[in-house]
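Enquirer: Take a look at the following structure, please.
The values are calculated or read from the model by the stated rules, or taken from the named source; none is laboratory data. Treat the numbers as computed from the prediction; the structure is a model and nothing was measured. So basically every Cβ, Gly included, is an ideal-geometry build from the backbone, and we count neighbours across all protein chains shown. Only protein heavy atoms, including side chains, enter the accessible area calculation; ligands, DNA and RNA are left aside. Shrake-Rupley method; radii C 1.70, N 1.55, O 1.52, S 1.80 Å.
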Amino acid sequence: MFPEINTKKLLPGLACLMLVTGCSDNNDSNNGGSNANKTADDYLIDLAHPTKGIGARVAGTESERKAEAYLLAELKSLGYTPSAQAFTYKDRDNNEFNSSNVIFEKAGTDADKVLVLGAHYDTTGEDLGSTGATDNGTGVSTLLDVAKRIKDKTLPYTLRFVFFGAEEKGLHGSNYYVSQLSVDDLGKIVGMVNYDTVAGGDYLYVHSADSATPYECNGDNASYAAGDTVRKGMLNASIALDGDNDFLIHPNVDGGYQAGETGDWSDHVAFACRGIPIAYVEATNFDIDGKYGKDGYSQTVNSQFWTCFDEATVGACDKDAEEKWGEIWHTGSDRIDAMESAFPGRVSSQMERAVKATVEFVSFADYYLP
């Protein structure tokens, strides 16, 4: 049920990530632009290592601003022209905070079709020791690596990257971004792929939006899109690479999600609510009977992430006594060193698989456009 990692897909720079020291001069600065040959491993160290990188990137704080500056500098070093879309948001106590989305485009042959790739760069769980390595340093690092690899490619349509701020505080960045789209620009967007925690969990999945229970969409579901065209496109792109599907589709969940569909807790929601088909890439484990059932919130069967794990039920030995629930995100385990200790090579492998599948997907419009 729980296969071993396919070692043929490990990145060449894996040893650097496992040692958490970086390679050569690739990580001598977290200001961005230090080396055009960085891999997703290197970007992850820049972002999430507590001393060699930025570390925790809490929304509305100076650490999030450092991450914004890092993204802008790194993208400029790759030859792109990124911009910061500033916005404000309020917490439950009506306190106002500042954040930004970082946006850039890679022009395609057809300027009237735009595909959005998105990942949030803020973090949470810092009080427990999290530095946001998997959630969502892996998503951001994956997209930075994709941006590097497609820089000189001719694409069939325009590719727009959006790194969202303040996701952990209530999806503020993605909600603001979509709210600012003109009718014309909204009509050009043919799909959105969300990369949130794409490494760390036992399996790599790709989902589409919930069709049985549409997202709330601020009470207006008139434009809601629950189609699976983008999800299927990502699957087909993965299979086309070497005949090996890097993504799983989770099965039907009794009383829960239909096969391959997901909930409303990440940045894909604002797009689905405006009629844009989405795919959502994440690493977790839908086989686990977690705190609220098989909902994917428990990410691993590794016993060190459980108070007591029962292999027979694929869940807690005692649900009333369980405290850890196989969770990585938002905990002190969401660190590069903790991940490499528990799962040597897994984070590197899963990011590389997501990068390769994405590059293939964006290179050919036939994967999902009619």
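Enquirer: Do you know which residues across region 137-167 are surrounded by fewer than 22 Cβ atoms within 10 Å (Cβ to Cβ) and among the acidic types (Asp, Glu)?
Expert: Answer for region 137-167, where residues must be surrounded by fewer than 22 Cβ atoms within 10 Å (Cβ to Cβ) and among the acidic types (Asp, Glu): just Asp152.
Enquirer: Just to verify a result, which residue in region 279-322, among those that are small (Gly, Ala, Ser) and open to solvent by 40 Å² or more (accessible area, probe 1.4 Å), is farthest from Lys232 (Cα to Cα)? Don't jump to the end; show me each part of the working.
Expert: Pass one, region 279-322, residues small (Gly, Ala, Ser): 279, 283, 290, 293, 296, 298, 303, 312, 315-316, 321.
With open to solvent by 40 Å² or more (accessible area, probe 1.4 Å) added as a condition, the list becomes 303, 312, 321.
Values: Ser303: 33, Ala312: 32, Ala321: 40 Å.
Taking the candidates together, the pick is Ala321.
Enquirer: Give me the pairs, please: first residue somewhere in region 297-319 and within 19 Å of Glu282 (Cβ to Cβ), second residue anywhere and of a type outside the set (A, V, I, L, M, F, W, C) and part of a strand (DSSP E or B), beta-carbon distance under 6 Å, and either six or more positions apart or on two chains.
Expert: Taking only residues 6 or more apart or on different chains, the pairs are Tyr297/Gly290; Ser298/Gly290; Gln299/Thr284; Val314/Asp289.
Enquirer: Continuing with this model, one more query. How many residues are among the hydroxyl-bearing types (Ser, Thr, Tyr), surrounded by fewer than 22 Cβ atoms within 10 Å (Cβ to Cβ) and under 17 Å from Val355 (Cβ atoms) when one looks only at region 206-241?
Expert: Taking region 206-241 first, the residues among the hydroxyl-bearing types (Ser, Thr, Tyr) are 208, 211, 213, 215, 223-224, 229, 238.
Then keep just the ones that are surrounded by fewer than 22 Cβ atoms within 10 Å (Cβ to Cβ); that gives 211, 213, 215, 223-224, 229.
Cutting the leftovers down to under 17 Å from Val355 (Cβ atoms) gives us none.
The number of residues fulfilling the criteria is 0.
Enquirer: For the subset of region 179-205 comprising residues that are polar (S, T, N, Q) and more than 14 Å from the chain's Cα centre (by Cα), which member is most open to solvent (accessible area, probe 1.4 Å)?
Expert: Filtering region 179-205 for residues polar (S, T, N, Q) gives 179-180, 182, 194, 197.
From the residues that got through so far, the ones that are more than 14 Å from the chain's Cα centre (by Cα) too are 179-180, 182.
Numbers: Ser179: 68, Gln180: 103, Ser182: 62 Å².
Per the criteria, the residue is Gln180.
Enquirer: With at pLDDT 95 or above and touching a strand residue (DSSP E or B) at 6+ places or on another chain (Cβ under 8 Å) as the only criterion, which of Ala56, Ala67 stands out? Spell out how you get there, then give the answer.
Expert: Numbers: Ala67 fails: touching a strand residue (DSSP E or B) at 6+ places or on another chain (Cβ under 8 Å).
One residue alone meets the criteria, Ala56.
Enquirer: Here is a list: Leu75, Leu11. Which entry is closer than 25 Å to Val362 by Cα, within 19 Å of the chain's Cα centre (by Cα), at pLDDT below 95 and not charged (D, E, K, R)? I'd like the intermediate steps shown before the answer.
Expert: Working: Leu75 fails: at pLDDT below 95.
None of the others qualify; the one that does is Leu11.
Enquirer: Can I ask one more? Which one of these does Asp334 not meet: (1) out of contact with any Leu (no Cβ under 6 Å at 6 or more places or on another chain); (2) open to solvent by 10 Å² or more (accessible area, probe 1.4 Å); (3) part of a loop (DSSP other than H, G, I, E, B)?
Expert: Condition not satisfied by Asp334: (2).
Enquirer: Kindly provide the set of residues from region 68-109 that are of a type in the set (Ser, Thr, Tyr) and more than 27 Å from Leu155 (Cβ to Cβ), ordered by number. If you could, list the steps in order and put the result at the bottom.
Expert: So in region 68-109, the residues of a type in the set (Ser, Thr, Tyr) come out as 70, 77, 80-81, 83, 88-89, 99-100, 109.
Answer for region 68-109, where residues must be of a type in the set (Ser, Thr, Tyr) and more than 27 Å from Leu155 (Cβ to Cβ): Thr88, Tyr89, Ser99.
Matching residues to (1) more than 20 Å from Thr229 (Cβ to Cβ); (2) in contact with a Lys or Arg (Cβ under 8 Å, 6 or more places away or on another chain); (3) of a type outside the set (A, V, I, L, M, F, W, C):
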{"site": "Val253", "(1), (2), (3)": "yes, yes, no"}
{"site": "Ser266", "(1), (2), (3)": "no, no, yes"}
{"site": "Gly275", "(1), (2), (3)": "no, no, yes"}
{"site": "Val281", "(1), (2), (3)": "no, no, no"}
{"site": "Asp295", "(1), (2), (3)": "yes, no, yes"}
{"site": "Ser303", "(1), (2), (3)": "yes, no, yes"}
{"site": "Cys308", "(1), (2), (3)": "yes, no, no"}
{"site": "Ala312", "(1), (2), (3)": "yes, no, no"}
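Enquirer: For region 147-178, enumerate the residues that are in a helix (DSSP H, G or I) and either touching a His at 6+ places or on another chain (Cβ under 8 Å) or farther than 13 Å from Tyr80 by Cα (or both).
Expert: Kept after step one, since they are in a helix (DSSP H, G or I), are these residues of region 147-178: 147-149, 172-178.
Selection gives His172, Gly173, Ser174, Asn175, Tyr176, Tyr177, Val178.
Enquirer: Okay, next question. Given Leu204, Leu181, which one is at pLDDT 95 or above and closer than 20 Å to His330 by Cβ? Explain how you work it out, then say what you get.
Expert: Working: Leu181 fails: closer than 20 Å to His330 by Cβ.
Criteria check complete, one pass: Leu204.
Enquirer: Let me ask another. Pairs under 9 Å by beta carbon, first residue closer than 15 Å to Val114 by Cα and among the basic types (Lys, Arg) in region 353-370, partner assigned to a helix (DSSP H, G or I) and open to solvent by less than 10 Å² (accessible area, probe 1.4 Å), six or more apart or different chains?
Expert: If the second residue must be assigned to a helix (DSSP H, G or I) and open to solvent by less than 10 Å² (accessible area, probe 1.4 Å), no pairs are left.
Enquirer: Consider region 124-136. How many of its residues are assigned to a loop (DSSP other than H, G, I, E, B), crowded, with 24+ Cβ neighbours inside 10 Å and among the hydroxyl-bearing types (Ser, Thr, Tyr)? Write out each step before concluding.
Expert: The first filter runs over region 124-136 and keeps only residues assigned to a loop (DSSP other than H, G, I, E, B), leaving 124-125, 129-132.
Remaining after also requiring crowded, with 24+ Cβ neighbours inside 10 Å: 130-132.
Adding the requirement that they be among the hydroxyl-bearing types (Ser, Thr, Tyr) leaves 130-131.
So the count comes out to 2.
Enquirer: Among the candidates Glu96, Glu105, which residue alone is over 21 Å from Val281 (Cβ atoms), at pLDDT 95 or above and open to solvent by 20 Å² or more (accessible area, probe 1.4 Å)? Quick ask: steps written out before the conclusion?
Expert: Numbers: Glu105 fails: over 21 Å from Val281 (Cβ atoms).
After ruling out the rest, the residue left standing is Glu96.
Enquirer: Could you say whether any residue in region 109-116 is of a type in the set (Ser, Thr, Tyr) and open to solvent by less than 10 Å² (accessible area, probe 1.4 Å)? Please lay out each step first, then the result.
Expert: First, pick out the residues of region 109-116 that are of a type in the set (Ser, Thr, Tyr): 109.
Narrowing further to those that are open to solvent by less than 10 Å² (accessible area, probe 1.4 Å): none.
Within region 109-116 (the criterion being of a type in the set (Ser, Thr, Tyr) and open to solvent by less than 10 Å² (accessible area, probe 1.4 Å)), the answer is no, since none of the residues qualifies.
Enquirer: Could we say that Val102 is touching a helix residue (DSSP H, G or I) at 6+ places or on another chain (Cβ under 7 Å), assigned to a strand (DSSP E or B), closer than 24 Å to Val230 by Cβ and touching a residue at least 60 places away in the same chain (Cβ under 8 Å) here? Working first, answer last.
Expert: Working: touching a helix residue (DSSP H, G or I) at 6+ places or on another chain (Cβ under 7 Å): yes; assigned to a strand (DSSP E or B): yes; closer than 24 Å to Val230 by Cβ: yes; touching a residue at least 60 places away in the same chain (Cβ under 8 Å): yes.
Taking the combined requirement at face value, the residue satisfies it.
Enquirer: Residue by residue through region 264-284, note down the ones that are part of a loop (DSSP other than H, G, I, E, B) and under 20 Å from Ala354 (Cβ atoms). Step through it out loud before you land on a result.
Expert: Filtering region 264-284 down to residues part of a loop (DSSP other than H, G, I, E, B) leaves 264-268, 274-277.
Within region 264-284, Trp265, Ser266, Asp267, His268, Pro277 meet the criteria.
Enquirer: Something else: Would you mention how many residues in region 37-79 are of a type in the set (Gly, Ala, Ser), assigned to a loop (DSSP other than H, G, I, E, B) and more than 23 Å from Lys106 (Cα to Cα)?
Expert: Let us first name the residues in region 37-79 that are of a type in the set (Gly, Ala, Ser), namely 40, 48, 53, 55-56, 59-60, 63, 67, 69, 73, 77, 79.
In the following step, the residues that additionally are assigned to a loop (DSSP other than H, G, I, E, B) were identified as 53, 55-56, 59-60, 79.
This time we only want the ones that are more than 23 Å from Lys106 (Cα to Cα), so: 53, 55-56, 59-60.
Qualifying residue count for the region: 5.
Enquirer: Identify, please: which residue in region 105-123 is hydroxyl-bearing (Ser, Thr, Tyr) and not in a strand (DSSP E or B) and is, among those, farthest from Ala279 (Cα to Cα)? So that I can check it myself, show each step before the final result.
Expert: Within region 105-123, the subset hydroxyl-bearing (Ser, Thr, Tyr) is 109, 121, 123.
Then keep just the ones that are not in a strand (DSSP E or B); that gives 109, 121.
Working: Thr109: 23, Tyr121: 18 Å.
Among them, the one singled out is Thr109.
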